[in-house]
1. Of Cys190, Cys153, which residue is surrounded by 21 or more Cβ atoms within 10 Å (Cβ to Cβ) and in contact with a strand residue (DSSP E or B) (Cβ under 7 Å, 6 or more places away or on another chain)?
2. Within the range 1-30, track down each residue that is touching a Gly at 6+ places or on another chain (Cβ under 9 Å) and either surrounded by 18 or more Cβ atoms within 10 Å (Cβ to Cβ) or modelled with pLDDT under 95 (or both).
3. Within the set of pairs 6+ apart or on separate chains, which have a first residue in the range 228-254 that is part of a helix (DSSP H, G or I) and at pLDDT 95 or above, a second that is among the hydroxyl-bearing types (Ser, Thr, Tyr) and buried (at least 19 other Cβ atoms within 10 Å of the Cβ), and C-beta atoms under 6 Å apart?
4. Can you find a residue that is over 17 Å from Leu161 (Cβ atoms), crowded, with 18+ Cβ neighbours inside 10 Å and in contact (Cβ under 8 Å) with a residue 24 or more places away in the chain anywhere in the range 210-222?
5. Applying the selection to the range 67-103, what residues are of a type in the set (A, V, I, L, M, F, W, C) and at positive phi?
6. Would you say Phe139 is within 23 Å of Ala228 (Cα to Cα), out of contact with any Ser or Thr (no Cβ under 7 Å at 6 or more places or on another chain), of a type outside the set (D, E, K, R) and surrounded by fewer than 22 Cβ atoms within 10 Å (Cβ to Cβ)?
7. Answer with yes or no whether Ala159 is within 24 Å of Val260 (Cα to Cα), without any contact (Cβ under 8 Å) to a residue 60 or more places away in the chain and buried (at least 19 other Cβ atoms within 10 Å of the Cβ).
Amino acid sequence: MSLQTFSYEQAFDRNIGWLTQEEQTKLRQSSVAIAGLGGAGGFQAQVFARLGVGRFKIADFDAFQLTNINRQIGASVETLGQAKVSVIRDLILAINPEAQVEIFEEGISTHTIDRFLGSVDLALDGIDFFAQKTKLLYFKTCYEKKIVALTSCPLGFGASLLIFSPDGMKYEDYFDLQEDMSETEMRMNCTVGLAPSALCLPYIDKKALDLKGERASSVAPGLMLVAAISGTEAVKILTGKRQALFCPHILQIDLLTQRVKRKYYPLGMKSPFQRFKRWLYFKQLTA
């Protein structure tokens, strides 16, 4: 089908009923930034494209590798060695050829962050877990620019959700992060902050997370759940359909154990109990 014969209204007609026509129009006019296009970001891009979001900014400096195939929607034997931004751009345009997609092949850095976040309505975090200083830069800039920023982390066969409002708790305050921390310390703080209820603990193997060796296991169902949660919350934020709950609220879902937890941490991970839990987790993971 050519662009001349593509009809946005017909392509997204089946959204209507769950979305109103007015809400669909708002999504069409919205601009979303997705930083990182691996497991989380790739699936998020597809869901947002199928929701009918009209404008995208996507960033990733990496190319697809064989080890990505188990969990990244853009990874296949045909795309090995290809730039993730190019593959995901083509995926979005294959769904909605009218979408505007701006790519940032160099990824997120101090040189690109302002342009990347310019004129966007919502920012999503798909940045590699082992690039914590880049994540910190991303969320700090979102806060300064008054952009709502969403992070959803795959946790085994589950996921967690945190949404940061420019009027609410800061990313660095929730996770108890300081600029002089090492990457390993930041990773530990974020591990506990993203999974304070540890719903996947009954079935996790220590080999699933190696903070120092920079290896984290992921399975496709958890990443698909990330995209489903992100897309649903984005509808709330972009259309006003319902009120989203911002940090220090956190949602955790585990599909394997069929457990759901919604918690509220007014002190974030700075409370004495959370700091003790962090020390305990670190001891267990590094034993």
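The values are calculated or read from the model by the stated rules, or taken from the named source; none is laboratory data. Small disclaimer: the values here were computed from a predicted structure and weren't measured. Using ideal geometry, Cβ is built from the backbone for each residue, glycine included, and neighbour counts are taken over all protein chains shown.
1. Residue meeting the stated conditions: Cys153.
2. Those that are touching a Gly at 6+ places or on another chain (Cβ under 9 Å) and either surrounded by 18 or more Cβ atoms within 10 Å (Cβ to Cβ) or modelled with pLDDT under 95 (or both): Phe12, Leu19, Glu23, Gln24, Lys26, Leu27, Arg28, Ser30.
3. That search, which allows pairs on different chains as well, returns Ile229/Ser152; Ser230/Ser152; Leu238/Ser30.
4. Initially, the range 210-222 is screened for residues over 17 Å from Leu161 (Cβ atoms), giving 210-217, 219-220.
Filter once more, so that each one left must be crowded, with 18+ Cβ neighbours inside 10 Å: 211.
Subsequent filtering for residues that are in contact (Cβ under 8 Å) with a residue 24 or more places away in the chain retains 211.
Within the range 210-222 (the criterion being over 17 Å from Leu161 (Cβ atoms), crowded, with 18+ Cβ neighbours inside 10 Å and in contact (Cβ under 8 Å) with a residue 24 or more places away in the chain), the answer is yes, since at least one residue qualifies.
5. If the condition is that a residue be of a type in the set (A, V, I, L, M, F, W, C) and at positive phi, then no residue fits.
6. no
7. Here the answer is no, as Ala159 does not meet what is asked.
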